[in-house]
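So the structure is just underneath, and the comments pick up after that.
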Amino acid sequence: MKTVKYIYSLCLMLLIVFNCSDDENFEYLDDIVAPSGVTATFLPVLDEANGDLGLITITPNAVGASSYNIDFGDGTSEKAKVMQGESVVHKYAEKPEGEFYTVTIEAVGLSGLKTTATENLEVVFKAPELSCDIVNGSDIKISNNEAISKQVDVQVSAKYGLSYEVYFGEDGNDEPMAANIGDPVSYIYQEPGTYSIKIVVMSASSQITECTFDFEVTEILQPIESAPSPPNRDEQDVISIYSAKYNDVAGTNYFPDWGQAGQGSGWATFDLNGDEMLQYINLSYQGIALADGTTIDVSGMKYLHLDVWTASEGLKMETSLINNASGTVTEKPVWRDLTSGEWTSLDIPISEFTDQGLTVTEIFQMKFVGEPWAVGTVFIDNIYFYKPSTVAETPEYNAPTPTQNASNVVSIYSDAYTSVGISELNPNWGQTTTLTEVNLNGNNIWLYEALNYTGIVTDYGNPTNLASMDYVHFDYFTPDAEALGLKLVNTVVNQEDIVFVDEIVRGTWVSVTIPMSEFNIDPSAVTQLLFDTAGGSAKVYIDNLYFYSDSSTEPEVTAPVPTIAQADVVSIYSDAYTGVTLNEVNPDWGQTTSLSDFSVNGDNIWLYQSLNYSGIVTDYGNPTDLTGVKYLHFDYYTPDATTLGFKIVNTALDPVMEDIVFLPKIITGTWVSVTIPLSKYNLDFSNITQLIWDTSGGSATVYVDNIYFHN
């Protein structure tokens, strides 16, 4: 058993600096950390000649340590200082079976930071008891590592055993590897095969027990994990040939018979826990053919991507694109080296084909060739052409400015409010996430990169009481996240719950409002908040994270104030922008809806009552062109609606073209900001003349503001 604690104490350094500037940079101090992974190995001194029992060699080890202070744990006042890489010998008296000495190892780094660990040491003067008859029984476990090719893992347990040594039996390596009883030992062989492995188990006495086994070492000949998941891309930014991530070109043949079987090659689909990939066995050459008569124009793409795995060392692979422009078949190759035992992600510039004179406007086949010929098996996944994403990677504007009254707000992070104290940000809980604070147009925002999850700790000693809060709000901007959830944790009563955003919108600021009633916890003592991407890894900007109360039946504050520049907006209705011409508002189309103006703090708002549906007509004679525009935005406030949809209509076409998107859920009693990608509408956006609200047969009161389209 091992116990570890960290002692963060930085020795006082007296710096006497002459003729130095005032801006001396000491940022390197931020990288100083305490030693980690503190362990100690115990080996008995085997001296059968004089029968001197109880002599134990203690070898400490840690990452980032320069020396160690060792307390032997037997009540002696003597303590040892040991330098990194050295050992100390100490004589112990025998203890009754089942009792231990607790040895304390204090690892000291060059900076003076220290980490302390304890190890239990059993000293019994009896020979180790274990069975050599059964491998992978209760005493001895020898196995091939499932993740690392040709690695063998050994673990030994033995009654009265203190430590053990393993001789792995590979020519040229006669040195054993040692470990404490119960701890594992691992070794990577140069070649697979059968080896004689000898295990020597030692107790605190001079007696040993030896076991020898013949063990077959294997190498991994197929991938044990999937290729890296491709990033999220807009449909117009990718042409997929083979990938579960994107929509592949229909009718593609991944195993056409071009005679390659006669060249020693074979093929199959390999299924890795439900993830299918192409397997080309003993690759000489292999083709991919689109359906008859199908060609793709990849001249607008920048790269060809594919992920390749092989167990063969020194294997190269040719990738050829084959074009059929005007009935003339031409092809050009590009070669790449492959790394054995891991996925090789290839991003081949299309220019490497076109620079050889290849036209890429009518690609109808691809070809792969292995070198050496027909000796290496490859697994291929995620074959697609792509260009840099048209989704914005970073925000240009700030999130909308919050308008809730400060007296009703408990803020975690926002320049708009005074926030509660935060004791830890992105604490080291094993996540991949990094966090930096960036300033955008004078406003501070958090940037999370490689976000799988991250924590925010307020104050364990003074939990945040959110019992009177009705909603939690935050704004996010992401170019690539697939999921995003917010978890609230009450560590006082050990309760937690997470709510995920209904639909992720990428490339623009999105405002999220979640009723506190959706979290199944006691909110009176919240100490932790966590953002979670449900196992993903994403880049996410966060701003305006706060809780607030709002118990009114009509808006008492304005909707959040838009920040996008007029030049990037086509506005329908908003005091923040100059809008397009509106010929009709709530025209008489047989609806029950009435429309009136409403004002909050001088801001004009539309109030729809008895809303079943209602139209907005821009200008039939001068339709609104939304070609190339990416997003629709509006803010709504409703005390009673259960559904709300927004329809866009192009009346210039015959027949009329229209489509509607309904919100995934309705939140009542507060302003809710909505952002919908226009890609969700199946429309020709060049001549938009009508916009229609629809409650799907309901009858509701709905306040609306800031209706605009934007990039």
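The values are calculated or read from the model by the stated rules, or taken from the named source; none is laboratory data. Bear in mind that the values here come from a model prediction, so they are computed numbers and not experimental data. Note that each Cβ is placed from the backbone with ideal geometry, even for glycine, and that neighbours are counted across all protein chains shown.
List of remarks:
- Options Glu216, Glu170: the member that is at negative phi and not in a strand (DSSP E or B): Glu170
- Yes/no for Thr57 being in a strand (DSSP E or B) and surrounded by fewer than 16 Cβ atoms within 10 Å (Cβ to Cβ): yes
- When Val103 is tested against (1) within 15 Å of Ile56 (Cα to Cα); (2) at pLDDT below 90, just one condition goes unmet, and that condition is (2).
- The strands (runs of 3 or more DSSP E) located wholly in the range 506-598 that include 1 or more residues which are hydroxyl-bearing (Ser, Thr, Tyr) and either farther than 30 Å from Thr432 by Cα or in contact with a strand residue (DSSP E or B) (Cβ under 7 Å, 6 or more places away or on another chain) (or both) occupy 510-515, 538-548, 569-573.
- Flag for Phe474 being in contact with an Asp or Glu (Cβ under 9 Å, 6 or more places away or on another chain), farther than 21 Å from Ala399 by Cβ, touching a residue at least 12 places away in the same chain (Cβ under 8 Å) and crowded, with 21+ Cβ neighbours inside 10 Å: no
- Of all residues in the range 20-52 being at pLDDT below 80 and of a type in the set (A, V, I, L, M), the one that is nearest to Gly182 (Cα to Cα): Leu46
- Residue in the range 688-711 that is nearest to Thr508 (Cα to Cα), counting only those that are of a type in the set (S, T, N, Q) and buried (at least 19 other Cβ atoms within 10 Å of the Cβ): Asn706
- Pairs with Cβ under 6 Å, 6+ apart, first in the range 370-381 and in the same structural domain as Asp337 (by TED's automatic domain parsing) and closer than 16 Å to Met277 by Cβ, second of a type in the set (D, E, K, R) and part of a strand (DSSP E or B): Asp381/Asp307
- Of all residues in the range 79-97 being in contact with an Asp or Glu (Cβ under 9 Å, 6 or more places away or on another chain) and among the charged types (D, E, K, R), the one that is nearest to Leu55 (Cα to Cα): Lys91
- Screening Gln155 with (1) free of Cβ contacts under 8 Å to residues at least 40 places away in the same chain; (2) farther than 18 Å from Ser205 by Cα; (3) surrounded by fewer than 18 Cβ atoms within 10 Å (Cβ to Cβ) gives one miss only, at (3).
- Pairing residues of the range 183-201 that are outside the structural domain of Asn173 (by TED's automatic domain parsing) with residues that are part of a strand (DSSP E or B), at Cβ distances under 6 Å and at least 6 apart in sequence or on separate chains, gives no pairs at all.
- Subset of the range 76-124 [at negative phi, small (Gly, Ala, Ser) and touching a residue at least 24 places away in the same chain (Cβ under 8 Å)]: Ser87, Ala93, Ala107, Gly109, Ser111, Ala117
- Scanning the range 560-575 for residues that are in contact (Cβ under 8 Å) with a residue 40 or more places away in the chain and touching a Ser or Thr at 6+ places or on another chain (Cβ under 7 Å), we see that the one that is nearest to Ser419 (Cα to Cα) is Pro560.
- Tally, over the range 235-255, of residues that are over 12 Å from Asn382 (Cβ atoms) and crowded, with 16+ Cβ neighbours inside 10 Å: 6
- Residues that are within 22 Å of Val249 (Cα to Cα), of a type in the set (D, E, K, R) and exposed (fewer than 13 other Cβ atoms within 10 Å of the Cβ) do occur in the range 342-350.
Yes/no matrix, rows are residues, columns are (1) in contact with a strand residue (DSSP E or B) (Cβ under 7 Å, 6 or more places away or on another chain); (2) among the aromatic types (Phe, Trp, Tyr):
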site: Ala325; (1), (2): no, no
site: Val329; (1), (2): yes, no
site: Trp335; (1), (2): yes, yes
site: Phe368; (1), (2): yes, yes
site: Pro372; (1), (2): no, no
site: Gly376; (1), (2): yes, no
site: Ser411; (1), (2): yes, no
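- Applying the criterion of being aliphatic (A, V, I, L, M) and at pLDDT below 90 to the residues of the range 133-157, the residue that is nearest to the chain's Cα centre (by Cα) is Ala147.
- Residue that is farthest from Gly64 (Cα to Cα), among those in the range 97-111 that are surrounded by 18 or more Cβ atoms within 10 Å (Cβ to Cβ) and of a type in the set (A, V, I, L, M, F, W, C): Val103
- The residues listed here are Lys114, Lys91, Lys141; of these, the one that is surrounded by fewer than 17 Cβ atoms within 10 Å (Cβ to Cβ) and farther than 18 Å from Val185 by Cβ is Lys91.
- Neighbours by Cβ (under 8 Å, 6+ apart or cross-chain): first from the range 644-663, more than 22 Å from Thr695 (Cβ to Cβ); second of a type outside the set (S, T, N, Q) and part of a strand (DSSP E or B): Asn650/Met657; Asn650/Glu658; Asn650/Ile688; Met657/Val649
- Every pair of residues 6+ apart whose Cβ atoms lie under 8 Å, when the first sits in the range 279-294 and is more than 16 Å from Pro223 (Cα to Cα) while the second is of a type in the set (Lys, Arg): Tyr285/Lys367; Gln286/Lys367; Gly287/Lys367; Ile288/Lys367
- Against the list (1) closer than 16 Å to Ile383 by Cβ; (2) without any contact (Cβ under 8 Å) to a residue 40 or more places away in the chain, the condition Trp335 fails is (1).
- Each residue in the range 428-441 was checked for being hydrophobic (A, V, I, L, M, F, W, C) and over 21 Å from the mean Cα position of the chain (by Cα), and 1 pass.
- Restricting Gln207, Gln222 to residues that are in contact (Cβ under 8 Å) with a residue 40 or more places away in the chain, out of contact with any Ser or Thr (no Cβ under 9 Å at 6 or more places or on another chain) and either surrounded by 15 or more Cβ atoms within 10 Å (Cβ to Cβ) or not assigned by TED's automatic domain parsing to the domain that holds Asn61 (or both) narrows the list to Gln207.
Matching residues to (1) under 19 Å from Leu529 (Cα atoms); (2) under 19 Å from the mean Cα position of the chain (by Cα); (3) not aliphatic (A, V, I, L, M):
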position: Pro400; (1), (2), (3): no, no, yes
position: Asn426; (1), (2), (3): yes, yes, yes
position: Asn443; (1), (2), (3): no, no, yes
position: Met469; (1), (2), (3): yes, no, no
position: Leu484; (1), (2), (3): yes, yes, no
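- Unmet criterion (only one of (1) polar (S, T, N, Q); (2) over 30 Å from Pro560 (Cα atoms); (3) modelled with pLDDT under 95) for Thr390: (2)
- Condition met for Leu545 (hydrophobic (A, V, I, L, M, F, W, C), closer than 15 Å to Phe474 by Cβ, surrounded by fewer than 19 Cβ atoms within 10 Å (Cβ to Cβ) and at pLDDT 95 or above): no
- So Ala127, is it touching a residue at least 40 places away in the same chain (Cβ under 8 Å), of a type outside the set (Phe, Trp, Tyr) and outside any strand (DSSP E or B): yes
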